[in-house]
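Take a look at the structure set out below.
The values are calculated or read from the model by the stated rules, or taken from the named source; none is laboratory data. Note that the structure is a prediction, hence the values are computed from the model and not measured. Cβ placement follows ideal geometry from the backbone for every residue including glycine, while neighbour counts extend to all protein chains displayed.
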Amino acid sequence: MLQRLNRFCLDYLLMGPWQALALVAVLAAAGAAVGIAFPKWSAEGLLETPGVVIPFEAPRENPDSVRPEPKTKYVTLAEYRKVAAAYSSQAALREFLAASGKRGPAVDRLVLQAQQPGFWDAVATPVLPFSRRDAREYGDLKDAASDSLVGIDLATNARTPEVASEMNSIMGSHFANALIRERIHTWILKNRGDAPARQKALLAEVVEGQMKIEATNRRIQDLKAILIRYPDAVKLDSRQVIAITEDRFLSPLAQLVAAESSIAQRKETIARKEREALQFDLLARYFAQAEEKLQSTPLVAELIPALAGSTSSKFEGVDPAEDWAREVIFRLQADIAGFSSARASFGFRNEARVAKVPSRDPVRLAAFGAVGSLLLLGLVAFIRASLKVSRIDDDTDA
């Protein structure tokens with residue numbers, strides 16, 4: 001029996017049975033050695049991005065209207081995609097790490113992995129309130145189309161669980177910083193462009209209102225001249241309408257009162273628009289300064305206090321004690337407080353889930369090595385048997 005087995009192995013495997021068993025053992029041991037020498041741990045955590053209440057804006061068109069209720073601003077899928085496109089790069093990660101002063105094995109591994117293709121798609125995944133599976137199981141959900149995120153699922157890996165967990169924490173800080181910084185950037189960009197344009201528009205409306213007041217004053221002088229020429233016109237009922245040809249006119253006295261009233265109303269409107277123009281001028285100067293701080297400050301932990309400090313800066317020709325200036329400052333501080341609240345609320349509720357990667361398990365790799373060696377031996381035996389059958393057929397034909 002052993003002789004037949006030995007002859008079979010020599011004919012079809014080109015080695016003895018003990019050599020074949022040794023090959024299986026060697027490859028199994030090699031797989032186990034790889035798993036032991038190169039372990040791999042994964043860490044997964046959910047970076048929560050809850051909705052943050054933002055201050056409402058006072059109505060501009062009608063100041064006497066009811067104020068709107070405060071709004072809750074959520075991180076949307078579109079906002080996440082914008083942030084991912086701008087900050088998912090090795091350069092952006094390096095800038096954040098350098099500014100935050102982080103060092104160590106976790107930082108080195110992240111910088112190395114960040115230049116590999118597919119890293120950013122694997123490390124961060126947006127989590128929506130409802131998935132396609134939820135829609136299939138529970139039917140059509142009205143809010144399933146909502147693009148507000150529950151958070152961002154972060155996944156990192158390393159050779160030790162401690163490094164993998166630290167890498168996950170660093171990536172959470174990076175994305176939280178990126179999301180809030182992008183909100184600040186959008187806020188500055190919008191107001192930096194709107195403030196000068198709205199100021200010029202208001203100044204144009206002020207000039208137009210002043211021209212209308214001058215025209216109304218000339219009309220008042222003409223009406224007064226009419227009353228002097230026709231003193232009996234004062235005795236007419238102010239509601240009486242006098243028909244001349246096809247036109248209709250109120251009495252000169254009624255027109256005079258209406259003109260005076262319109263002048264008073266236009267003066268009030270001009271004063272309000274001049275006040276708003278001063279506010280927009282102050283906003284334009286503030287956001288020009290804020291943009292410089294944004295470019296020079298990568299960390300929102302430093303940027304938010306810097307923006308808050310700028311609200312106390314003294315601008316030329318502006319008395320911070322004036323009511324219009326105080327209103328602007330309070331609105332800016334309210335917006336900055338919203339960014340500070342967002343920074344405090346974004347983060348991990350629980351520690352990252354750390355587990356060993358199954359593909360690096362020594363037992364599994366040893367089994368793969370053994371199975372692979374058996375497949376290799378089977379392939380060699382199949383090829384040798386095919387060649388032997390082919391030679392026998394050739395001899396038969398001859």
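Tabulated data
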quantity: Subset tally (residues that are farther than 28 Å from residue 328 by Cβ and not polar (S, T, N, Q)) for the range 158-206; calculated: 15
quantity: Answer residue from the range 290-334, given it is assigned to a helix (DSSP H, G or I), of a type in the set (D, E, K, R) and farther than 20 Å from residue 177 by Cα and is farthest from the chain's Cα centre (by Cα) among those; calculated: 323
quantity: Long-range neighbours under 7 Å by Cβ, at least six apart or interchain, first residue assigned to a loop (DSSP other than H, G, I, E, B) within the range 348-371, second modelled with pLDDT of 70 or more and charged (D, E, K, R); calculated: 349/48; 352/44; 357/40
quantity: Pair list, Cβ under 6 Å, 6 or more apart: the range 261-287 residue over 10 Å from residue 328 (Cβ atoms), other residue of a type outside the set (Lys, Arg) and outside any helix (DSSP H, G or I); calculated: 285/315
quantity: Neighbours by Cβ (under 9 Å, 6+ apart or cross-chain): first from the range 97-114, of a type in the set (Val, Ile, Thr); second assigned to a helix (DSSP H, G or I) and surrounded by 14 or more Cβ atoms within 10 Å (Cβ to Cβ); calculated: 107/97; 107/166; 107/167; 107/170; 111/90; 111/93; 111/94; 111/97
